[in-house]
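The values are calculated or read from the model by the stated rules, or taken from the named source; none is laboratory data. Since the model is a prediction, treat every value here as computed from it, not as a measurement. Every residue, glycine among them, receives a Cβ derived from its backbone with ideal geometry; neighbour counts consider all protein chains shown. These area figures cover heavy atoms from the full protein model, side chains too; ligands, DNA and RNA do not enter into them. Shrake-Rupley method; radii C 1.70, N 1.55, O 1.52, S 1.80 Å.
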Amino acid sequence: MFVDVVVVGAGPGGLACAHTVVRQSPGRRVLLLEAGRGLRNRPCPVDRGLRCTGCAGICNVISGFGGCVHYGDGVKLSLLPSGRRLIDHFGEPRAGELCERAFQFLTAPMPQRPVLHGTRLGAPVIEAFAGNGLAIREYPVAVLGETQVRTMLTALHGYRDDALTVWEKSELVAAALTGDRLTVTVATHGGLVTVETARLVLATGRRGVTSTHNLLTAFGVQTIAPDMSLGVRLETRAEVLAAIGVEHPDLKITQLERVERKTKTFCFCGGPNGGRIKFTNYQRSFGREVITLDGHETTERSPGTRPLAANFGLLCQLARPGTSTAVRAEILSDYWRLSAGRPVAQSLRAFMARTDEPRSWPELAAAVTFEPSVKDLTTGRLDSLFTGAEHASLIESFRRVMGSILDHAGTGLTVDDLTDDVLVIGPEVEFLWDRVPVDQDCRVPGLPIYVVGDAAGIAQGIVQAAMMGVAAGEAIANGTLA
């Protein structure tokens with residue numbers, strides 16, 4: 001079997017690439033592989049208050065049609081300069097064009113173009129953060145609610161073209177180069193299938209970090225050590241984060257002053273309806289099963305007997321001695337010893353003081369004034385995963401960020417008033433995997449292989465992944481395939 005292009009991964013990057021090729025280059029055949037399950041068959045036990053089981057080896061949160069865009073959740077689409085590394089990679093004019101095209105691709109099924117927030121911030125919010133020595137990064141953000149996400153994914157899933165074939169529950173297991181063609185081996189529900197292709201696009205996301213690295217290493221590609229970050233996700237009452245969440249739905253602040261280690265806010269989920277924490281089960285990608293966190297904005301949840309929760313991530317860039325491989329192994333080993341690689345919760349008071357959490361998880365969950373968004377947690381010394389400098393930087397950063405949020409909200413609360421009403425849940429990680437050297441077409445030099453989205457290790461984000469998918473798809477559509 002021969003197809004012109006094989007795209008691995010049906011997340012934002014893979015979908016944008018596949019659609020760009022078939023629309024701009026009629027007649028070229030594209031095979032889109034997705035290791036995960038179908039659009040509406042991605043239930044997460046954790047969402048229903050149950051224990052993370054790994055979903056038979058394929059985490060439904062990060063695998064399946066839509067990738068990190070999950071049917072039933074809301075999402076944020078953050079535009080440039082969020083993901084500013086892509087501006088450096090593509091150059092500012094082309095990056096801007098790709099960003100607009102990616103946004104159009106994702107939102108085309110909507111009856112109206114989504115409203116963008118996060119720019120032209122009002123003086124009160126700017127002053128509240130400036131009072132704590134902070135400046136907010138302004139960029140456009142669209143919040144898509146659960147209904148809008150369903151509309152978007154249904155349209156993408158329903159797109160039909162004779163040149164595009166989609167295989168779900170089908171995983172790339174090997175690739176070999178013979179002359180100017182690639183032979184790829186795919187594990188399907190019916191067994192192994194061999195496919196020949198002129199171009200291979202790896203849009204494997206977070207689930208495929210190890211397999212993609214191994215495949216590229218086999219081709220002699222030298223990857224680049226990442227700037228790893230380690231942090232936590234902080235959860236509190238939605239009303240605490242609502243005011244700033246309306247003004248800037250994806251609040252990002254990078255702090256370099258008054259902290260020993262660079263820190264930043266990450267994946268802010270704090271509009272009026274708050275957001276929920278998700279588990280991302282990496283299975284055995286890093287040797288032993290490891291679960292980390294993700295956050296999703298929500299707009300349509302109904303509160304129960306207690307107020308809804310909101311959350312945001314706080315990351316600290318690591319500067320530990322040793323290679324990136326050794327540092328990653330150290331982090332994961334510490335995490336495994338702490339909780340066998342499963343997320344841990346600690347009260348803000350205990351985390352700040354670096355003391356044992358005296359309560360069990362049911363006791364801690366019952367003590368806060370809001371309904372925690374996940375229940376599959378244990379309590380423990382989450383603070384022990386961080387060095388003294390990292391911990392001090394996170395605490396200083398939290399005090400300044402949360403202090404600014406409270407000043408802007410005008411609640412009269414202080415950070416110290418919240419020490420028993422904030423859950424610290426972790427770990428949160430960013431860029432545990434290497435960066436892939438790709439050119440401006442997202443192609444690995446010297447090979448008929450392209451890497452887009454999170455797998456490339458350049459920038460994270462839904463729009464950012466789609467930008468890279470559009471760039472690769474356009475290059476393939478306009479190029480000559482052997």
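Odds and ends about this structure:
- C-alpha long axis of helix 92-107 to longest principal axis of the chain, angle in °: 90 degrees
- Surface composition of segment 237-307: carbon and sulfur atoms hold 47% of the protein heavy-atom accessible area at a 1.4 Å probe.
- Cα convex hull, segment 361-418: 110 Å³ per residue, rounded to a whole number.
- Residue-wise HN-Hα coupling along segment 181-194, computed from phi with Karplus coefficients 6.51, -1.76, 1.60 (Hz; x: Gly, Pro): 10, 9, 10, 10, 10, 10, 8, 10, 5, x, x, 6, 10, 9
- The aspartates and glutamates whose alpha-carbon is closer than 17 Å to the alpha-carbon of Lys264, local same-chain residues fewer than 8 away aside, are Glu138, Asp227, Glu235, Asp250, Asp294, Glu390, Glu396, Glu428, Glu430.
- Solvent exposure of Glu430, expressed as accessible area, is near 10 Å², computed with a probe of 1.4 Å over the protein chains only.
- Geometric descriptor of segment 1-136, per residue, is 202 Å³ (volume of the convex hull of the Cα atoms).
- Here segment 459-482 is scanned for amide nitrogen atoms under 20 Å from the site 7 Å beyond the Cα of Gln440 along Cα-to-Cβ, giving 459, 464-480.
- C-alpha long axis of helix 462-478 to longest principal axis of the chain, angle in °: 10 degrees
- In the context of the full set of protein chains, residues of segment 422-482 present 23 Å² of accessible surface per residue (probe radius 1.4 Å, heavy atoms only).
- Set against the 2.2 N^0.38 Å expectation for a compact globular protein, segment 131-284 has a Cα radius of gyration ratio of 1.44.
- Relative contact order of the chain: 24 percent, from C-alpha pairs under 8 Å at least 6 residues apart in sequence.
- In terms of the mean number of neighbouring beta-carbon atoms within 10 Å, the peptides 432-442, 9-19 order highest first as 9-19, 432-442.
- Length available on full extension from Thr369 to Ile224: 0.36 nm per residue minus the Cα-Cα distance, which gives 47.7 nm.
- Karplus-derived 3J(HN,Hα) values for segment 423-432, using 6.51 cos²θ - 1.76 cosθ + 1.60 with θ = phi - 60°, are 9, 9, 10, x, x, 9, 10, 9, 6, 6 Hz; glycine and proline are entered as x.
- Length added when fully stretched, Thr185-Thr355, from 0.36 nm per residue minus Cα-Cα: 56.1 nm
- Cα→Cβ-extended label distance, 7 Å offset, between Arg113 and Phe2, nm: 4.3 nm
- With Cα atoms, 0 to 90° folded angle of helix 388-409 axis to the chain main axis: 80 degrees
- Given Lys76/Lys278; Lys76/Lys262; Lys169/Lys375, the pairs whose alpha carbons are separated by over 21 Å: Lys76/Lys262; Lys169/Lys375
- Between Ala174 and Thr387, the simple label model (points 7 Å from Cα in the Cβ direction) yields a spacing of 4.2 nm.
- By the Stokes-Einstein formula, at 0.890 mPa s and 25 °C, segment 1-62 with its Kirkwood radius over alpha-carbon pairs has D equal to 181 µm²/s.
- Projected-area mean, segment 225-381, by convex hull of Cα positions, square nanometres: 10.3 nm²
- Note on the chain: with charges restricted to the Cβ of Lys and Arg (+1) and Asp and Glu (-1), its dipole about the Cα centre is near 720 debye.
- Here segment 211-308 has an Rg and Dmax of 18.0, 57 Å, counting Cα atoms alone.
- Rg followed by Dmax, in Å, when segment 94-171 is reduced to its Cα trace: 18.4, 58
- Using the Cα coordinates of segment 328-482, the gyration tensor eigenvalues translate into equivalent-ellipsoid semi-axes of 41, 20, 14 Å, sorted from longest to shortest.
- Ranked by how many other beta carbons lie within 10 Å on average, peptides 458-469, 288-299, 403-414, 80-91 from highest: 458-469, 288-299, 80-91, 403-414
- Dipole of the chain, positive end: most advanced residue of Asn132, Ala108, Asn478 [Cβ charges, Cα centre]: Asn478
- Added length on full extension, which subtracts the Cα-Cα distance from 0.36 nm per residue, Glu196 to Asp420: 74.8 nm
- Mean Cβ neighbour count within 10 Å, used as a protection proxy, ranking 321-332, 271-282, 128-139 highest first: 271-282, 128-139, 321-332
- If R0 is taken as 30 Å, the Cβ-Cβ distance between Arg84 and Glu330 corresponds to a FRET efficiency of 0.55.
- Binning the alpha carbon pair distances of the chain at 20 angstrom intervals from zero yields the distribution 25, 58, 17, 0, expressed in whole percent.
- Pairwise inverse Cα distances across segment 219-261, averaged and inverted, put the Kirkwood hydrodynamic radius at 14.5 Å.
- For segment 213-341, the relative contact order comes to 30 percent (Cα pairs under 8 Å, sequence separation of at least 6).
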